[in-house]
1. Do we have any residue at all in the stretch B:400-409 that's among the charged types (D, E, K, R) and more than 30 Å from B:Lys65 (Cα to Cα)?
2. Taking the stretch B:262-271, which residues are in contact (Cβ under 8 Å) with a residue 12 or more places away in the chain, out of contact with any Pro (no Cβ under 8 Å at 6 or more places or on another chain) and assigned to a helix (DSSP H, G or I)?
3. From the set of residues in the stretch B:249-272 that are in contact with an Asp or Glu (Cβ under 9 Å, 6 or more places away or on another chain) and within 14 Å of chain A (Cβ to nearest Cβ), which is surrounded by the most Cβ atoms within 10 Å (Cβ to Cβ)?
4. I'm trying to understand the selection: among the residues of the stretch A:15-38, which are polar (S, T, N, Q) and in contact with a Phe, Trp or Tyr (Cβ under 9 Å, 6 or more places away or on another chain)?
5. Would you say A:Phe74 is under 30 Å from A:Asp41 (Cα atoms) and away from chain B (no Cβ under 11 Å)?
6. Quick check on my filter: what residues within the stretch B:378-402 are assigned to a loop (DSSP other than H, G, I, E, B) and either among the aromatic types (Phe, Trp, Tyr) or surrounded by 18 or more Cβ atoms within 10 Å (Cβ to Cβ) (or both)?
7. Of all residues in the stretch A:28-71, how many are within 12 Å of another protein chain (Cβ to nearest Cβ) and either under 21 Å from B:Asp264 (Cα atoms) or among the β-branched types (Val, Ile, Thr) (or both)?
8. Does A:Leu247 fit the bill of being within 28 Å of B:Val71 (Cα to Cα), at pLDDT 90 or above and assigned to a helix (DSSP H, G or I)?
Amino acid sequence: MNKNYKGRKALGKAGLVAFLIAMALMFICPMVFTVLSSFKDNTEIFSDPFALPKSFRFNNYVEAWNGANMSTYFINSLVISIATVVILAVVSSMAAYALSRFNLKCGKALTIFFLAGMMIPVHTILVPIAYMIGKFNLKNNLVALVLIYVAFSLSFSIYVLQRFMKGINRSLEEAAIIDGAGYFQIYARIVLPLTVPAISTISIFNFLGAWNNILFPLLFINDDKLKPVALGLLNFNGERGSAYGPLMAAIVITVFIPMVIYLLFQEKVESGLAAGAVKE
Amino acid sequence: MKRFLSLFLAAALCAGMTACSGSTGSKSDGNSDGEKIEIRLLTRMAGTTKQVEIFKDIIKEFESKHPDVNVIDESQGDESSFNNKLKTDLSSGTLPNIFRIQGVANLSEYIDNGLIMDLDPVLKADPEWNKFVPGALSYYQVPNHNGTYAIPMESGLIGIYYNEALFKKAGIDSFPETWSQFKTAIQKLKAINVTPIALGAKTTYMAGHLHDQIFYKWMGTGAAKKLGARNMNWTDPDVVKSLSFVKELNDMGAFPSGAAGISDDIVLSQFQKGQAGMIITGTWNISNFTNKKDCPVADDIKVAKFPYFDEKPQYKNEDMQVISPYMVNGKLTGKEKDYTIELLKMLTSKDAAKRFAEEASFLIPRTDVDIDTQKVNPLLLDNIELGKTSTGIAVDVFDFDPLASMQDTTRNAIVSMLVGSSPEQAAQQIQSEIDKSK
């Protein structure tokens with residue numbers, strides 16, 4: 001009986017390991033393909049996708065840097081993404097604090113209102129947004145672009161932070177009230193520091209969302225000085241064939257920064273994702 | 001509190017930075033370029049190819065000629081990016097000055113709304129520039145509308161490029177002229193373990209182009225117009241028959257195995273390496289067939305017309321050609337209109353056509369192009385010669401359909417035959433899309 005149980009346990013473990021290896025391969029393969037392809041030309045990429053390059057074409061990276069106008073686009077992407085992250089962190093944490101701590105009359109309605117925002121597909125409201133951008137002359141305006149990103153990520157950010165804040169023990173706040181702290185002080189000095197893991201989580205998602213977004217800049221930014229890096233990648237796409245070597249090199253460069261940021265914040269992201277799952 | 005303050009300051013700083021960079025952009029249009037006229041272009045001329053380089057050179061030349069004009073090239077090579085941009089621009093009333101819409105019959109709606117300019121008066125006013133191949137120009141005379149609604153900026157026969165050495169090895173002396181000879185050739189190529197036709201239907205246009213060729217050889221280019229005008233149905237026996245020829249080729253094993261899951265780039269690479277006998281494509285790929293480094297079999301590649309059906313010799317020269325347009329925003333007025341027309345003329349002039357042909361194997365359908373035959377690839381010259389024999393030309397069958405969704409619907413239905421659907425089912429799939437819209 002015991003032997004049988006141990007055997008089944010070992011089998012289960014082996015199955016789990018095999019599954020995890022398969023999953024890891026599934027995620028690693030595209031990355032390996034991208035990195036290998038970034039040193040090849042089109043013919044090599046399509047004739048032998050996973051083979052090592054016959055000769056490493058480092059020139060692809062030079063072409064990528066110049067062709068995708070990386071030096072300018074990179075800074076634009078950083079400014080756009082950081083601004084989006086900061087605005088979202090401030091606005092959504094304030095909203096989440098109010099929704100999770102105060103017994104507002106319209107609290108539930110407001111929560112549903114914010115949640116409903118997550119259910120609107122981007123493509124359904126593209127035309128009205130494009131119309132407004134045209135009407136108010138906001139084309140080539142990075143503030144407008146950042147505000148669009150903020151609007152689209154606000155629902156998710158408020159939802160995550162609200163769930164997290166609900167799980168924070170109120171005794172600290174009660175102590176602060178006894179010491180004479182106001183609501184803003186409680187928010188700024190107690191709730192906000194305790195919410196850092198959740199803020200890190202939403203920030204990483206919001207950063208990636210803003211960094212990778214291609215649709216809105218494609219529609220609303222046509223000034224070369226203001227384009228983000230995702231638009232630069234399109235420079236390698238032609239109607240009748242693309243230069244995949246430099247394109248892959250550009251992708252490697254583009255992915256590098258979000259990857260570093262993710263690795264730096266990985267621990268906090270993971271703890272943040274589980275936020276609110278268990279209540280004290 | 002300090003922490004919060006620093007967070008708030010960081011937010012303010014970032015917001016300020018974005019505001020500055022945002023307004024910098026606006027200012028550069030508004031202040032220093034205060035008087036500048038903006039000309040926006042939305043074409044498919046993007047990427048890293050030679051033709052794009054020439055296109056950009058012409059824009060630069062125009063800008064240096066007119067310092068008071070700022071040309072913003074928003075062209076997109078990527079199809080979905082292009083479509084997203086065009087659709088949004090069309091529906092939000094921010095249409096560029098020069099743009100491109102695929103199809104002919106579907107232009108009606110835009111013409112009715114005044115979005116596309118009738119270029120007939122412009123053509124008549126400048127006989128020097130108006131030297132376009134009549135068939136290509138008349139392609140954009142939209143049914144039920146007087147006028148010409150686009151300038152053809154690209155043309156050329158979509159032919160079959162084949163590897164002559166492989167054909168000889170398989171015992172085929174000359175390229176098959178008729179459908180029955182074509183099928184024999186396919187069997188012979190299969191016998192020597194060569195993929196007969198390099199077709200990657202994951203990029204659905206490849207399957208679509210194959211059917212276009214068969215359709216025109218079976219029923220003539222006029223039949224596509226009848227389908228678009230609803231004088232014919234996709235479920236009519238002749239149309240179903242045209243679909244069944246695609247199925248027949250698939251059942252014979254004419255395509256690479258798993259063709260429905262392979263992209264055009266992969267099959268192009270197979271053809272370049274001498275692993276496939278034929279590929280259906282246009283002049284834009286000629287440069288890929290002449291560079292010996294990428295294409296070791298470059299010397300063996302020849303071009304021919306798609307074979308005709310033995311029982312339909314009358315459609316022998318009904319050919320598929322690529323014709324791509326430049327359309328002009330119908331709402332333009334004054335100086336902006338004049339400059340836009342001037343740029344359009346520069347992009348499609350005799351000199352531009354010569355440069356495009358000689359340097360990029362890219363054909364603008366003009367009758368007055370003086371091509372230096374020493375400078376161009378023999379394949380291009382052969383293609384031009386073959387194109388001259390066309391009695392009827394058309395691009396895609398769906399070009400004449402007023403339903404914009406027909407591009408995807410027809411191509412997807414044709415690809416479905418490669419994974420098991422019958423020609424009748426494919427025809428029904430397309431027809432029901434039309435019936436649904438009625």
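The values are calculated or read from the model by the stated rules, or taken from the named source; none is laboratory data. In this text the structure is predicted, and so the values were computed from the model without any measurement. Quick reminder, even Gly has a Cβ in these numbers, built from the backbone with ideal geometry, and neighbours come from all protein chains shown.
1. yes
2. Of everything in the stretch B:262-271, those that are in contact (Cβ under 8 Å) with a residue 12 or more places away in the chain, out of contact with any Pro (no Cβ under 8 Å at 6 or more places or on another chain) and assigned to a helix (DSSP H, G or I) turn out to be B:Asp264, B:Asp265, B:Ile266, B:Leu268, B:Phe271.
3. Residue satisfying both the conditions and the ranking: B:Gln272.
4. A:Ser37, A:Ser38
5. yes
6. Hits for the stretch B:378-402 are B:Ser390, B:Val395, B:Asp396, B:Asp401, B:Pro402.
7. 11
8. Yes; evaluated as a whole, the condition is true for this residue.
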